[in-house]
Amino acid sequence: MLILGIETSCDETAAAVVDDQRRILSNVVLSQIEDHRPFGGIVPEVAARAHLANADAIISRAMQDAGVGFADLDAIAATTGPGLIGGVLVGAMSAKAIAIAAKKPFVAVNHLEGHALTARLTDDIPFPYLLLLVSGGHCQLLICEGVGRYTRLGTTIDDAAGEAFDKTAKLLGLGYPGGPKIERAALDGDAKRFALPRPMSGKPGCDFSFSGLKTSVRRCVETLGHPPNDQDVTDIAASFQAAVADSLVGRTKNAIRTAQDAHPGLAHLVVAGGVAANTAIGDALRSLAEKNGLRCIVPSPALCTDNGAMIAWAGLERFRLGLSDPLDFKARPRWPLDPDAPAAAFAGVKA
Ligand code: KG4
Ligand code: ZN
């Protein structure tokens, strides 16, 4: 079985071909970082126009790299949400057009399900498993029970973890995107110099919060009494990264307990999304998993950040269960994996 997957929900225009032997035949990702850098963050309209300009060429490249034609495909999958709607529409319409022209089924993929199922592409793990999804747009803990079957244990009540990295980097003048810049700066820093809070520490449940941490970093800079020098920046970066790592570990620890109660045979913790590329955070979560008898799986950075292979794979998992979607399937700016999940405490919930 051969599936083309198209991803355009954020700031990567991506397409890939995968097969049911878990082989990635091609995986082409065009980052828009340079388009957004002057604005210090992602501008939805800029993203949509860039997807429109590049989608055709990226899809052609993915087909060429895989050495296949549209007639060889079994289905065409595309992200149909959640995400920036202008971009989602570009990828979804491209996929539908190919599906019509090649007379192939169309599979609508939830971007979050793409992240959630990647560990089955890379490591062939069985359900159920616990997933910590930490990206620029999402911070969630989910039990993955099957294709289309997720129980959300927690989500962020304000910012996503990656968003906190990006905003803190901006505050420190490190530029965009913030995650990799903070990680690099933190290497030379003293994580103990600034006592930053560990948000939600000791509280029951698995919801996250990062906006208070961001405010604490701002206060920290203000109390220096001078513009931060290189040493200040590296120390703040290290202190911030340690606080995020502790917070993620604390909430994931609660989630492991809940997930193991619900599924005594639970064997895996999967960490996915752009923030999973952070070595210090990955190490902290790996150590937590081991202490609790779980194997920790962190897909390679190229498969943690947004890509087409994860969408092609999620499409394949759905299609081999007999699932496909009508061509009038509507793009969805919001699309929770667990529609029955209780809203997170407080306001500003990100689904
Ligand atoms: O999954 P992703 O590529 O896009 C979505 O948000 O869906 O994640 C991007 C986020 C950004 O906020 C970026 O700063 C963060 O992941 N990130 C990192 C690292 N690399 C990327 N955060 C911490 N450490 C990193 N090494
Ligand atoms: Zn993503």
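Side notes on the structure shown:
- Check on SER287, among the polar types (S, T, N, Q), within 14 Å of ligand 1 (Cβ to nearest atom) and exposed (fewer than 14 other Cβ atoms within 10 Å of the Cβ): no
- Listed by first and then second residue, the pairs linking a residue in the range 105-131 that is over 17 Å from ALA267 (Cβ atoms) to a residue that is more than 16 Å from ligand 2 (Cβ to nearest atom) and among the aromatic types (Phe, Trp, Tyr), with Cβ atoms under 9 Å apart and 6 or more places separating them unless they lie on different chains, are PRO105/PHE319; PHE106/PHE329; VAL107/PHE319; ALA108/PHE329.
- Selection of the range 272-284 for residues being aliphatic (A, V, I, L, M) and within 13 Å of ligand 2 (Cβ to nearest atom) yields ALA272, VAL275, ALA276, ALA277.
- Within the range 91-150, if we keep just the residues that are assigned to a loop (DSSP other than H, G, I, E, B) and of a type in the set (A, V, I, L, M), the residue that is farthest from ILE42 (Cα to Cα) turns out to be ILE125.
- Looking only at residues of the range 130-177 that are small (Gly, Ala, Ser) and under 24 Å from ALA262 (Cα atoms), we find that the one that is nearest to ligand 1 (Cβ to nearest atom) is GLY154.
- Residues in the range 225-251 that are of a type in the set (D, E, K, R) and either open to solvent by less than 30 Å² (accessible area, probe 1.4 Å) or under 21 Å from ASN292 (Cβ atoms) (or both): ASP232, ASP235, ASP246, ARG251.
- Apart from one condition, ILE182 fits all of (1) open to solvent by less than 10 Å² (accessible area, probe 1.4 Å); (2) farther than 18 Å from THR279 by Cβ; the exception is (2).
- Test set (1) away from ligand 2 (no atom under 15 Å from the Cβ); (2) open to solvent by 30 Å² or more (accessible area, probe 1.4 Å); (3) touching a helix residue (DSSP H, G or I) at 6+ places or on another chain (Cβ under 9 Å) - GLY137 fails condition number: (1)
The values are calculated or read from the model by the stated rules, or taken from the named source; none is laboratory data. The structure displayed is predicted, hence computed values, not measured ones. Neighbour counts are summed over all protein chains in view; Cβ atoms, including those assigned to glycine, are modelled from backbone coordinates with ideal geometry. Accessible surface areas use protein heavy atoms only, side chains included; no ligands, DNA or RNA. Shrake-Rupley method; radii C 1.70, N 1.55, O 1.52, S 1.80 Å.
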